[in-house]
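These notes concern the structure reproduced below.
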Amino acid sequence: MERKIRSSSVSQEQERTKEKGRTSVQELQMAVDDMNRKAQDLRRSVQFSVDRELNMTVVKVVDSRTEEVVRQIPSEEFIEISKALRESRSLIFDAEV
């Protein structure tokens, strides 16, 4: 029952935010706090990092007990393909003719 109340209050908060056209720092902090509480209930932690080579944000959902990465966005495969494509592009366009 508690989850319905939370999602209802979050939905109401989202509607107010849409009406204003932007999110305040306080609203953003409330949403982050709520997500952190929910993640703790699931025994998951969320880690944010930046791949400096691609200048891309990477989000990992990690099992708190085993430290296993449950999900990564974007996936490791996507990151590796992006790096390979960037390298290929630089080889093609930087080559002297």
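Some notes on this structure:
- Evaluated at q = 0.18, 0.19, 0.24, 0.30 Å⁻¹: base-10 log I(q)/I(0), Debye formula over Cα of the range 43-97: -0.66, -0.70, -0.91, -1.11
- Charge tally around Glu76: other residues with Cβ under 15 Å, Lys/Arg +1 each, Asp/Glu -1 each, net -2.
- Of the GluC sites (Glu not before Pro) in the range 37-97, those whose Cβ has at most 14 other Cβ within 10 Å and which sit in DSSP loop: Glu53, Glu67, Glu68, Glu96
- Relative contact order of the range 43-97, defined on C-alpha pairs under 8 angstrom at six or more residues apart (%): 24 percent
Rule-based calculations on the coordinates, nothing more; no lab input. Remember, predicted model here, so these are calculated numbers, not experimental data. Counting neighbours? That spans all protein chains shown, and the Cβs are built from the backbone with ideal geometry, glycine included.
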